[in-house]
Structures are given as C-alpha cells and as structure tokens.
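Below: the structure, in structure tokens.
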Amino acid sequence: MTIPEDEPTPDPTPWDVFTPRAPAGELMFINRTKDKLGERLEHALNELGAQIIVYGDTGVGKTSLVARIGGDRVARVECQDAKSFRDLLLDAFGALGVVQELRFAETHEKASEAGAEMSGGLGYIASLKARLSTKVGEKATREFEVTQQPLIDVLIEAMVDAGKHILFFDNFENIKDEGVRRSIAELMVALSDRARESGNVKIVLAGIAESATDLLHLSDSAARRAAEVSAGTMSPREIAEIVTRGMGLLGIAIGPDEVELIARLSAGYPYVAHLISLYAALGASDAGKEVTPAVLEEAIAKAVDDFHLDFSTRYRRAVEQSGGVRPRRRILHALAESDLADFDFDEALAAVKAKYGGETAYTYFNAAIGALCTENHGSLLRKRSLRGKNRYSFQNPLARAFIRLIDASSSP
C-alpha cells in the first residue's frame, strides 16, 4: 500500500501573517510580559470560580490574548447591541456545535434579585438538541439532547460535553440593554457557584472600557466572584517583536531603523503595528523582499487611509484647514508625540513648545485646547477636573497612533 505524502504547507502571505482586523495567529502571538498580562489572565482562568472581566482600549489585543491563553477551551460569542440574552445563549450553544433545536420556557425564578442569585439567576427551563464536538481539537461529534432542565444545567452539561470551559463574550461594550447585562451578571454568579462540580466552567467578558465597572456594573455578590484584568498597550520591545517575527515568517528583510519607526508610530497598539506591517510586507513583496525607507513611507500613507474612518472624520473637524500657526493641529500633534497618558495645562503647553519652539505667542492655547474637547471640533480630547485642576487626554487613546501616522506621512 502506498502511503500518500503530506500536502506541502503553503508559504504564508502577508495577509496570513499581519492581521489588523482579526486575532493574531498562533505563530504571531506575542507573550505579554509587560505588566505580566498573560500571567495574570492565566492565573484568573485557573482560579476556581473566578469570572473574568478583561478591559482596555480598542486595538490592544484583548481578543488575541483570551483566544491564545484560553486555547481550545474557549467558546467565543460575538456581542452585538441588537442581541437579546436568548440570542447570546443561542450563539453560545452554536459555538459548541450544531444546534438543531433550542427552546426556553421562562419560570417565576426572577421574582426577586436575591432569589435569582440563590437559584442560579437565569429564570429559564431549557431543552436542547444539538450535535456537539466530543473532544477538543477533533472533528468527531455526537448527538446531544436534554429536555426540561434548568438552563444553567443545560449550559454546563453542553460545555463540558464539548470540551469547553470558557464562555467568551467578546466586544461586550456593544451590549447596551441593562436587562441583558444583568442576565449575564447573574449567569456569572451561577457558574461561579457551580464551579467545583462543573470543572471550573466560567465566563470571560472582554470589551473597550477604562475599568471593569465601566464594562459591567456588578452587584456585591457578583463582584466578589469577578477577577479584573486590565489589558494595556504593548511595550516597544513587544511591538518590535511583532514586526520582526512577521517579516521573518515572510522572508522579508527589515532594518532596525524601520522596526523602531513602526514601534514608535504604533504607540503600543498591536492593531497599528499589524496594519503598517501588512502594507510594508505587501510593498516589500514587489521590491526585492526588503522593507526599504521608501516602501515603509508608502505603507504609512496607506495605513492612514485604512485607519478607522471615525478617526479621519474627527481629525478633519478638529484641525484648521489653513493658516500659519493652526493651533488646534499643533496641540494634537504635540500631545500625540508625548507618551504621557494625560496632561494638565502646563504639561500640554510644554509639549507644544517642545515640538514647535518657544518663540511663538501662545495666547490662543486655552481656547484651542478647550475647542478640541467639543463635538464641533471632533471631541478628540476630553477634559476632566481633578482636585480643581483640569487634565486633558485623548478621548480614544488610539487617536495618538493615528496622529503619529499623519505626522510621519505626507498627509496634510
């Protein structure tokens, strides 16, 4: 008998390696040593009963982090505003296998918040008929059917049967309905209470927020069961590793100056590093497999055009289209160049003077920085009063990287 040879693995393309709009692939995952982020998430995943809230800016790699650390244990649910609690649960069961039939019958369990928490907090009896994976990482399936059981029992049984222990609600900031959010919080409590018997089946929420409370307000009971994981930006070294590893996989040469420039422009955001590197790799494929300064310059210009449209729209509203000094533009570009998270008035003024020189009259400064906090001028900045003193920061910190790209490109 002739044994067929394995199919040759196709060479990766830039689209396979650099994925600004998708989680990083296995070969491109960078271990997050900054603030021991990967270690903290791994600890929370292993902790019996801990329900996890991962929060941080857009583009910092929350989805990639959970997917990589959780591995085959993860069943991911994409959150959208229009989805009800039932819709999210249907998606959850769908992530475990092929759902043939799922029925809910509401009970009187939700008569009081205390009773809801004590009894599991879901208030539904469920019946499920599905074809679930039987082993993690394998294609084998088996028929699965339960009828008229509490929803929490059906969910746990289906997850364990499918070899999944992490129900991952991604982009949770999209869920605005308070009833849906409250039901998810109750589900977290129920799973925490059943952690030992379920083998530590748990929920991970991830979303754009400045704090776990901003992402999901929890009752005291739920808060005691929650582990908060703040996902910050990457270090320059970690961003540089994305660039060098990806180019290495593609057989593309890139010099240390180009790597350093991409790392600086990315401002710690892997999304931006992947975006610039994708266009640099595509350009290098037509330029002798090397990221030259000219190739990188063109890649930066394309990255500006391909950045999230909202930033481009707000930036155009924020800056003056003509004039010599253009104070609002100067303020934005000076603050973007700095690595400070926020600024008081004197720090912001010092940043502008450092970038543009101290000889210019700065009488305009107070009015200009205030205008950048208004919707008429894009609301790129926000103002907060702390102990009677105003502090300014980017409304969306990813704007810092966008403005750095504009500064480095030929864009006006």
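Just a few scattered comments:
- Cross-linked pairs K302/K353; K62/K83; K83/K176; K129/K164; K36/K383; K34/K289: Cα-Cα separations exceed 20 Å for K302/K353; K62/K83; K36/K383; K34/K289.
- Neighbour net charge for N390 - beta-carbon separation under 14 angstrom, K R +1, D E -1: +2
- Residues of segment 374-392 with amide N under 17 Å of a point placed 7 Å along Cα→Cβ from E210: 374-375, 379-392
- Stretch gain in nm, segment R245-Q80, where the contour uses 0.36 nm per residue and the Cα spacing is subtracted: 56.1 nm
- Whole-percent P(r), segment 268-398, all Cα pairs, 5 Å bins from 0: 2, 10, 17, 18, 17, 14, 10, 7, 4, 2, 0, 0.
- Cβ-based net charge around A253, under 13 Å, with every Lys or Arg adding one and every Asp or Glu removing one: -2
- Within-14-Å neighbourhood charge of V201 [Cβ basis; K, R +1; D, E -1]: 0
- Global geometry of segment 236-306, whether rounded, prolate or oblate, following the gyration tensor of its Cα atoms and the 1.5 cut on a/c: oblate
Readers should treat all values here as calculations from the given coordinates under stated rules, not as data from a laboratory. Please read these numbers as outputs of a predicted model, since none were measured by experiment. Cβ coordinates were reconstructed from backbone atoms using ideal geometry, including for glycine residues, and neighbour counts include every protein chain displayed.
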